[in-house]
Amino acid sequence: MQDHTRMSESVERMAREIAAGCGGRLHGFWLYGSVVLNDFRLGWSDIDFLALTDAPITEEQAERLVPLRQTLSERFTDDPYYRCFEGVIANLEEYRAGAYTRLVYWGTSGQRVTNRYAPDVFSRYELAKYGKLVCGKDESGLFTIPKRQELTDAIRRHYDAIRKYAAQTDESLYSCGWLLDLARCVYTLRNGDVIAKTRAGEWALRERIFPDEDALRRTLTIRRDPLAYRDCEDTKLWLRELGPTVQRCADVLEAELARCG
């Protein structure tokens, strides 16, 4: 179970450490995603952030910032939140221009210095509508809500990824997360809004969107307390066999996309 006070302290410390790492030239530090949508679940969710600096990031600063989340995890061994941070540290003007000399990227598979970054449409939407400024300067117009067609195109790409990568599933909890992704995509197509994955799953159950309601119901149970199920052998077996169910639910999204033209 997550400790909201501890998580808030971790967020504030992370913002301070990033500011120190870029020479005190932090323009702003924003949160978005599950944390601000009241849907963060320790053991499943990320702490999504965007940090923008007032000055270009030097090579020395970037090399210092790359391992920061690991450094903090090792320094505060009883704090489970630092390893959850995922996001980008970039220069403000380069972010506005969409062209980068150097930025720091933290992702699920690792971290690196790069000059390429294209924020996905859902992230842009969440930053524009729900983003929370933790520290720095709040500027109207820095983030703009993507157009409806951009959301639809992003959902088509996500649908293609589900067909390609979720035909077979493994024992990771993210295997059932595909069902919540599908629920959120259908919700967005019908309502033109982006909501938390748990809320989308609950909505899909109420609306009887998918053919296998038991699978979605079980997914929501796991989502509410993922740490309780992460090492459960029965859950792992179920997750490994979930691919056909995910694909049947993807049929629903396919039909929804067809209606969009």
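Structure notes:
- Among the conditions (1) under 27 Å from Pro226 (Cα atoms); (2) open to solvent by 50 Å² or more (accessible area, probe 1.4 Å); (3) without any contact (Cβ under 8 Å) to a residue 24 or more places away in the chain; (4) not aromatic (Phe, Trp, Tyr), the only one that Asn115 does not satisfy is (1).
- Hits in region 121-170 (condition: open to solvent by 60 Å² or more (accessible area, probe 1.4 Å) and in contact with a Ser or Thr (Cβ under 8 Å, 6 or more places away or on another chain)): Arg124
- If the condition is being outside any helix (DSSP H, G or I) and open to solvent by less than 10 Å² (accessible area, probe 1.4 Å), then region 171-198 contributes Val194, Ile195, Ala196.
- Filter result (surrounded by fewer than 20 Cβ atoms within 10 Å (Cβ to Cβ), touching a residue at least 24 places away in the same chain (Cβ under 8 Å) and more than 23 Å from Leu189 (Cα to Cα)) within region 211-234: Arg218, Arg224, Asp225, Pro226, Leu227, Arg230
- The conditions of being part of a helix (DSSP H, G or I) and not acidic (Asp, Glu) are met by Arg217.
The values are calculated or read from the model by the stated rules, or taken from the named source; none is laboratory data. A quick note: this is a predicted structure, and the numbers were derived from the prediction, not measured. Note: ideal-geometry Cβ built from the backbone for every residue, glycine included; neighbour counts use all protein chains shown. Just the protein is used for accessible areas: all its heavy atoms, side chains included, with ligands, DNA and RNA removed. Shrake-Rupley method; radii C 1.70, N 1.55, O 1.52, S 1.80 Å.
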